[in-house]
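**Q** I have a structure I would like to understand better, so I am pasting it below and will then ask my questions one at a time.
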Amino acid sequence: MDISVKDLLDINECDAKDIFNHVVYPWDVLIKIKDFLLSYSLTLPKDFERIEEFVWVGKGTTIEKTALIKGPAIIGHNCEIRHASYIRENVIIGNNVVVGNSTEIKNAILFNKVHVPHYNYIGDSILGYKAHLGAGVILSNFKSDGGLIKVKTDSQVIETGLRKLGAIIGDYAEIGCNSVLNPGTIVGRNSIVYPLSSVRGILQENSILKGSGNVVTKH
């Protein structure tokens, strides 16, 4: 499977799609989010409201009183930011997104219609259109030895140059409850990860990971 942006993500389902210009691998945008977000905020339409110094929210979005948002952050239209969610720095959230109870997000991009509704950790990651995380899913973004994260394909080892990299999750992917995606994991489009899985490396598009390395083709 190719792991370029075009093979994992429909950038037309991200209003901030210009961040992907001249980028081959999706994780290369992670170091660009802060600067891009601040410049992109100057171009937002009038139906966005600045609710904090560096936090902009689109029309129709609801934010519960117990949510905490630390900018810079842009949250799109018609989103639900639910009880006790924590959005902390350098986050771009698309339209019709659900960020749920006790979910924490930092330095990440969530495309339109992503659902991360219960007890999720999303650090240094990108979630494609309609990606969904079950309750308790963790996108681990830091190796225990603190080393730089590599992405291993069948034919090569790609040096990302990043000490922090969570997961790149393709469009329509489903991650089952209480799964952990190890640093640098890539999940292809339309794939499913069964609950309680530990995922490492690359899961091909249109695949089902049933646990213990058992992968079958999704029909």
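**Q** Can you give me the number of residues within segment 173-202 that are in a strand (DSSP E or B), polar (S, T, N, Q) and either buried (at least 18 other Cβ atoms within 10 Å of the Cβ) or in contact with a Leu (Cβ under 7 Å, 6 or more places away or on another chain) (or both)?
**A** Total meeting the criteria: 1.
**Q** Tell me, which residue of segment 29-66 that is touching a residue at least 60 places away in the same chain (Cβ under 8 Å) and touching a Leu at 6+ places or on another chain (Cβ under 9 Å) is nearest to residue 188 (Cα to Cα)?
**A** Of everything passing the filter in segment 29-66, 30 is nearest to residue 188 (Cα to Cα).
**Q** If you take the residues in segment 160-172 that are part of a loop (DSSP other than H, G, I, E, B) and touching a strand residue (DSSP E or B) at 6+ places or on another chain (Cβ under 8 Å), which one is surrounded by the most Cβ atoms within 10 Å (Cβ to Cβ)?
**A** 166
**Q** Could you please let me know if residue 74 is in a strand (DSSP E or B), of a type outside the set (S, T, N, Q) and over 14 Å from residue 122 (Cβ atoms)?
**A** Spelling it out, residue 74 is indeed in a strand (DSSP E or B), of a type outside the set (S, T, N, Q) and over 14 Å from residue 122 (Cβ atoms).
**Q** Can you tell me how many residues within segment 185-200 are among the basic types (Lys, Arg) and in contact with a strand residue (DSSP E or B) (Cβ under 8 Å, 6 or more places away or on another chain)?
**A** Total satisfying the criteria: 1.
For (1) loosely packed, with under 14 Cβ neighbours inside 10 Å; (2) in a helix (DSSP H, G or I); (3) aliphatic (A, V, I, L, M), each residue gets a yes or a no:
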residue: 3; (1), (2), (3): no, no, yes
residue: 15; (1), (2), (3): no, no, no
residue: 18; (1), (2), (3): yes, yes, no
residue: 22; (1), (2), (3): yes, no, no
residue: 27; (1), (2), (3): no, yes, no
residue: 36; (1), (2), (3): no, yes, no
residue: 39; (1), (2), (3): yes, yes, no
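**Q** Six or more apart or on different chains, Cβ atoms under 6 Å: show the pairs whose first residue is in segment 1-24 and of a type in the set (Gly, Ala, Ser) and whose second is part of a helix (DSSP H, G or I).
**A** Listed by first residue and then by second, the contacts come to 16/40.
**Q** So which residues in segment 203-218 are surrounded by fewer than 21 Cβ atoms within 10 Å (Cβ to Cβ) and of a type in the set (A, V, I, L, M, F, W, C), if there are any at all?
**A** Result: 208, 215, 216.
**Q** Restricting to segment 144-159, name every residue that is outside any loop (DSSP other than H, G, I, E, B) and closer than 13 Å to residue 186 by Cα.
**A** Matches in segment 144-159: 149, 150, 151, 152, 158.
**Q** Let me ask something additional. Could you list, in sequence order, the residues of segment 112-135 that are among the hydrophobic types (A, V, I, L, M, F, W, C) and surrounded by 24 or more Cβ atoms within 10 Å (Cβ to Cβ)?
**A** Those that are among the hydrophobic types (A, V, I, L, M, F, W, C) and surrounded by 24 or more Cβ atoms within 10 Å (Cβ to Cβ): 114, 116, 122, 126, 127, 131, 133.
**Q** Would it be correct to say that residue 125 is in contact (Cβ under 8 Å) with a residue 24 or more places away in the chain and small (Gly, Ala, Ser)?
**A** In short, yes.
**Q** Continuing with the same structure: Confirm whether residue 100 is touching a His at 6+ places or on another chain (Cβ under 9 Å) and either in a loop (DSSP other than H, G, I, E, B) or crowded, with 19+ Cβ neighbours inside 10 Å (or both).
**A** So residue 100 passes the test.
No lab work stands behind these numbers, since they all come straight from the coordinates. Since the model is a prediction, treat every value here as computed from it, not as a measurement. So basically every Cβ, Gly included, is an ideal-geometry build from the backbone, and we count neighbours across all protein chains shown.
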